[in-house]
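See structure below.
Read-outs: derived from the displayed coordinates by stated rules, not from any lab. Source: prediction; values computed, not measured. No Cβ is skipped: glycine too gets one built from the backbone with ideal geometry, and neighbour counts run over all protein chains shown.
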Amino acid sequence: MSNKIFFGGIIAFLVLTLSIGLWAAKQIKGDSVNYLVAGRGLVLPLAAGTLMAQSVDSNATLGNMDLAGSFGFWAGASLPLGLALCLFLTGLFFAKPMNRMGLITLPDFYRVKYSRMTERVASIIMVLSFAFLLAGNLVAGGYLFQSFLGTTYLAGVILIALVVLIYTASGGLFAVAYTDAIQVAIAFLGILGLICFIAIGYGFTIPDGMGPFALEQLTDPAAGAAINWATLLALGLGDIVAIDFMARVFAAESPETAQRACFIGSMGTVLIGVPFSILALSTPTILETSGLTLNSDQPLLFNLLGVVPPVLGLLVIAAILSASLSTADGAILGTSSVIAHNIIGIRHDDHNAAGDRLLALTRVMAVVITTLGVIFAVLIPQTGILLLLAFDLGFAGLLVPLAGGLFWPKANKYGALACILVGTATRLSFFVLMPTMFGSDNTLLYIPNPVFTPDFDGFPTLISPLVGLVAFVGVSLLTGGTKGKLEDRQELSQANLR
């Protein structure tokens, strides 16, 4: 009976999501600005909901539970807390000035403040990192469909990718915003229902040294402190240069709305994400009490669903599926728009007899990036690690030029390029030389060596942006500082016209 409920409920949910996304496509009206930034008219509930949905993804739910269950509360909670920190800092320092600039994509900033070359280099890194982010959410969908629909893992990955691709390519940010608002509501109801059921029926059991008050997880490298701080900082700071977050900042109806949406999204991310860490710590005891055996071949949350009523289980599954869809759609839309607009160089006012070329090319690129995400999901079938790898790259090379371009008058294109190239190269070098990534084996690309061991895990995330910062400041000062206020104003004016 429960299998039939799960199957029917998941299919109904997917059909509803597709229907809403295709309905929202009517608002595009053949205009790439409507498609990419929702006509710059997102009101506060939609802006906050879609920001929250982008941060509450399968990595911060399934990945969160898996990490917390294996290494302790802070290993898992660092994911949602890091994402919440990112939204808070974005609201505090970046949302208002970035919204006022009237940009279409985040790489536009690097062109306006620095140069076309800087824009292209930053764009390539963003596309690579978001392909990993997309893959992490497809992984969760693959496991979910394998467990509850009876598909193979590969078929599940392809199915969820097709669903997201169809409504995202059709309706752009309008479709993403409307579906995100519903998906984040489902996620909130799912975790609330699960927490209440477990609290009443079983209570919470926190093993010694694993809970939120076991602060050695934040102070002792032997207890994973370096990895946990790396996680918090990679997400809390590196996610500021996330193309999906910034697209929603650009789409808000005003700078004030953009800022408030970030603050609301930050609070919502904590409320939805952190309870998964607590649940993870109690799951082994709950399963033992229920006479069930832990299946280590599937995500920890799926094990926990064996003790809940079928209807509640379906709601939780819908919540996880919502988390996967809501972030996957932002990743597809963000990367495809960056490829078309910033790498290839099509502007939104570039029309011909066939219509808006940027709109058409972005839809084509959505197919390309979705295919790449599926390939990564097959090669690296992990959740939380893919999220961290994605934003490690942005933290290493892209954050400093963004903050410097807004707040340091002496920043210039030479310093920005030096930071992006040196910081990113440093992080990638550490990556291929490290046998582990945030506590998990490096199965993607590892060059065996006697120098770097698992004990060094976490430190590459902390070192790489510092190397980039030194390159940024040093090269900017050596090459003469700022370009001049008049030229800066002229470039900003031209960017707004684009």
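Contact order normalised by length for the stretch 1-128, with contacts defined as Cα pairs under 8 Å and 6 or more residues apart; what percent is it?
Relative CO of the stretch 1-128 lands at 12 percent.
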For this session: Order by neighbour count: 229, 74, 408, fewest other Cβ atoms within 10 Å first, most last.
Result: 408, 229, 74
Seminar exercise, completed: From the Cα centre of the stretch 200-255 to that of the stretch 60-132, the distance in Å is 13 Å
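With the cut-off at 1.5 for a/c, could you classify the stretch 1-104 from its C-alpha gyration tensor as rounded, prolate or oblate?
Taking the square roots of the gyration eigenvalues as a ≥ b ≥ c, the stretch 1-104 is oblate.
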For this session: Enumerate the calculated ³J(HN,Hα) couplings along the stretch 390-404 in order (Karplus 6.51 cos²θ - 1.76 cosθ + 1.60, θ = phi - 60°), each rounded to whole Hz, writing x wherever the residue is Gly or Pro.
Result: 4, 8, 4, 5, x, 5, 5, x, 9, 5, 4, x, 5, 5, x
Exercise. Normalised by the number of residues in the chain, what is the relative contact order in percent for Cα pairs under 8 Å and 6+ residues apart?
Worked result: 28 percent
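Is the C-alpha gyration tensor of the stretch 357-482 telling us rounded, prolate or oblate? Criteria: a/c under 1.5 is rounded; beyond that, a/b larger than b/c is prolate, otherwise oblate. Present the calculation step by step, with values, prior to reporting the outcome.
Working: a/c = 2.77, a/b = 1.18, b/c = 2.35.
Because a/c hits 1.5 or more and a/b fails to exceed b/c, the stretch 357-482 counts as oblate.
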Seminar exercise, completed: Listing 66, 392, 455 by rising number of other beta-carbon atoms within 10 angstrom, fewest first, gives 455, 66, 392
Exercise. Which ordering of 154, 159 is given by a fewest-first count of other beta-carbon atoms within 10 Å?
Worked result: 154, 159
For this session: Grab the DSSP H runs of the chain that are 4 residues or longer, score each as -39,500 (n - 2.57), total them, divide by all residues and round the 222 nm result to the nearest 500 deg cm²/dmol.
Result: -24000 deg cm²/dmol
For this session: Answer rounded, prolate or oblate for the chain, using the Cα gyration tensor with square roots of eigenvalues a ≥ b ≥ c: rounded when a/c is under 1.5, else prolate when a/b is larger than b/c, else oblate.
Result: oblate
Problem set entry | Cα pair distances exceeding 21 angstrom across the stretch 78-236, given as percent | 69 percent
Exercise. With the contact rule set at Cα under 8 Å and sequence spacing of 6 or more, what percent relative contact order holds for the stretch 93-214?
Worked result: 9 percent
Seminar exercise, completed: The long-range amide H neighbours of residue 436, using H built 1.01 Å from N in the peptide plane and a cut-off of under 5 Å, are 442
